[in-house]
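Colleague: Sharing a structure with you now.
What follows is calculated from the coordinates using simple rules that are stated; it is not laboratory data. Remember, predicted model here, so these are calculated numbers, not experimental data. Ideal geometry is used to build each Cβ from the backbone, glycine not excepted, and the neighbour counts take in all protein chains shown.
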Amino acid sequence: MALTEVLNWMLVSTLRSLCRWSLPSRLSHIGAAASFAGVSDAPLQFGDELRRTAKAIAAPGKGILAADESTGTIGSRFKEINVPNTHENRFAYRHLLFNTPNLAQHISGVILFEETLFDKDPKTQQLLVKPLQDAGIVLGIKVDQGTKHLPGTDNETYTQGLTDLDVRCKKYYAAGCRFAKWRAVLRISENTPSPLSIQETAQTLAKYAAICQANGLVPIVEPEILMDGAHSLAICQYWTEQTISACYRALNEQHVLLEGTLLKPNMVLAGKQAPQQATIEQAARATVESLQRTVPPAVPGVTFLSGGQSEEEATVLLNALNAHSLGSRPWALTFSYGRALQKTVLKTWLGKAENVKQAQQALTVRARANGQAALGQYKGDANSASASQSSYVKDYKY
Ligand code: 13P
């Protein structure tokens, strides 16, 4: 063969294999015939239900209460208020949260830790989650199993839990859950996030999302960039965009139905140790711009984590994301807060039965404020000394 023929042949076969690799993920979304390797045109078993669930969670003026602290994490919360981390106290605390009057007015979903999902009142044998189900609040479940050091990286981590995820998803669906959460953690420093950490985050979240959807659970895709660091707002925006865009490339490659997913990112902020902090307007603009550049309009909702901001800061920034004219926002922008919904509740409760009503009122105040912020209608009337206190914890583990 002459050299030009060899080159021609190499060019043609490269183009052919490129077509073979790039077409399937597009075909999977339009349901075309399965004539390419690796593509199925069978409809997703839970497709309609996943779309409905995701839309219900992202309903206008509503958001998620993240009450999925692992046993260790709830222990650190209880330690701050001198409450022993016993099963009895965990039950009492979550009983308080779930029996808050009119919780469904601003809360569309609650994320649970496995213990809570199956927990029962020892006297009545009633499931702890029954009041949530009765109120039409969607049950979610934390399915990741924490993080481990990612070998060969500068203190980066990867998230555990894929091995038996399908089996656990089936069990959770049977118990009434309709959505799930999986948290990947990235940190900004001179050497991080590394390309390996971003790739690992995207691939693992996409695999998790596909497994959840195959079992009827809407996956919340949570790539959290921690607040730790002295970086500027612009650096946080850059890494947020790199991370989220990698996630959507991977989600598409894994044939995930985007309409049946939710994104749970960090808000874009300067690092906690940065000499210059951004204004609310600057942070809101950077956050919305990051999403506009990376999140497809097919995604129904972006449910932010609070990440260590004070309760009031998290509400005010969410409000700014919705209130200002920041251009196109085809997704609901709402909350999936843990610390920013519970800090004052815990400080009011203090483990005492006589404080339950007041603690529930504290939850109502924050849930209402965030519900208003999700509509861009928060007027600042939920502020208090406790709500202004930072929840930041260095190197935070959930
Ligand atoms: P925070 O709102 O406390 O950051 O937590 C939300 C959450 O679910 C983290 O995974």
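Colleague: For segment 217-227, take each phi angle, set θ = phi - 60°, evaluate the Karplus expression 6.51 cos²θ - 1.76 cosθ + 1.60, and give the result in whole Hz per residue in order, putting x for glycine and proline.
Modeller: Values per residue, Gly and Pro as x: 9, 6, x, 8, 8, 10, x, 8, 8, 5, 6 Hz.
Colleague: Moving on to the next point. Cut-off 10 angstrom, C-alpha nodes, Gaussian network model of the chain. Which of 119, 166, 381 fluctuates the most?
Modeller: 381
Colleague: What is the local net charge at residue 366, summed over the other residues whose Cβ is closer than 14 Å to its Cβ (Lys, Arg +1; Asp, Glu -1)? Please report the intermediate quantities before stating the final value.
Modeller: Values: positive: 62, 339, 343, 347, 368; negative: 311, 312, 313, 381.
With Lys, Arg at +1 and Asp, Glu at -1, the neighbours total +1.
Colleague: Where does the charge balance sit around residue 259 when Lys and Arg score +1, Asp and Glu -1, over other residues with C-beta under 11 Å from its C-beta? Please list the in-between numbers first.
Modeller: Details: positive: 51, 52, 55; negative: 48.
Around residue 259, the charge tally is +2.
Colleague: Pairs 264/357; 62/123; 181/357; 79/272; 62/357: which exceed 27 Å Cα-Cα?
Modeller: In this structure, 264/357; 62/123; 181/357 exceed 27 Å between Cα atoms.
Colleague: Under the Kirkwood approximation for Rh and a Cα-based Rg, what ratio Rg/Rh is obtained for the chain?
Modeller: Values: Rg = 22.0 Å, Rh = 21.9 Å.
Answer for the chain: 1.00.
Colleague: Under a 5 Å amide H to amide H cut-off, with H placed in plane at 1.01 Å, what residues pair with residue 304 once short-range neighbours are removed?
Modeller: Here the answer is 334, 335, 336, since their amide H atoms fall under 5 Å of that of residue 304.
Colleague: Just how large is the dipole of segment 44-373 about the Cα centre, in debye to the nearest 20, putting +1 at every Lys and Arg Cβ and -1 at every Asp and Glu Cβ? Show your work: numbers first, answer last.
Modeller: Details: 34 positive and 30 negative charges, 158 e Å.
Its charge dipole is roughly 760 debye.
Colleague: Using per-residue counts of other Cβ atoms within 10 Å, averaged over each peptide, order 55-62, 209-216, 142-149 from highest down.
Modeller: Averaged packing, sorted descending, gives the order 209-216, 55-62, 142-149.
Colleague: I would also like to ask the following. Counting only DSSP beta bridges with both residues in the chain, tell me the antiparallel percent, nearest 5. If you can, show how the numbers build up before the last one.
Modeller: Details: 4 of 35 bridges.
Rounded to the nearest five, the antiparallel share is 10 percent.
Colleague: In terms of modelled amide H atoms, which long-range or inter-chain residues lie less than 5 Å from the amide H of residue 184?
Modeller: Sorted by chain and number, the residues that satisfy this are 222, 224.
Colleague: Using Cα springs under 10 Å in a Gaussian network model of the chain, which residue among 323, 67, 353 shows the largest mean-square fluctuation?
Modeller: Among 323, 67, 353, the largest GNM mean-square fluctuation belongs to 353.
Colleague: Calculate for the chain the 222 nm mean residue ellipticity that helices alone would give, adding -39,500 (n - 2.57) per DSSP H run of length 4 or more and normalising by residue count, nearest 500 deg cm²/dmol. Mind dumping the intermediate values first?
Modeller: Working: 13 runs with 179 residues, N = 398.
Using -39500 (n - 2.57) per qualifying helix, the result is -14500 deg cm²/dmol.
Colleague: Scan around residue 107 for amide H atoms under 5 Å from its own, H built in the peptide plane at 1.01 Å from N, and keep only partners 5 or more places away or cross-chain.
Modeller: 63
Colleague: What is the distance, in nm, between label points placed 7 Å from the Cα along the Cα-to-Cβ direction at residue 234 and at residue 196?
Modeller: Roughly 3.0 nm, to one decimal.
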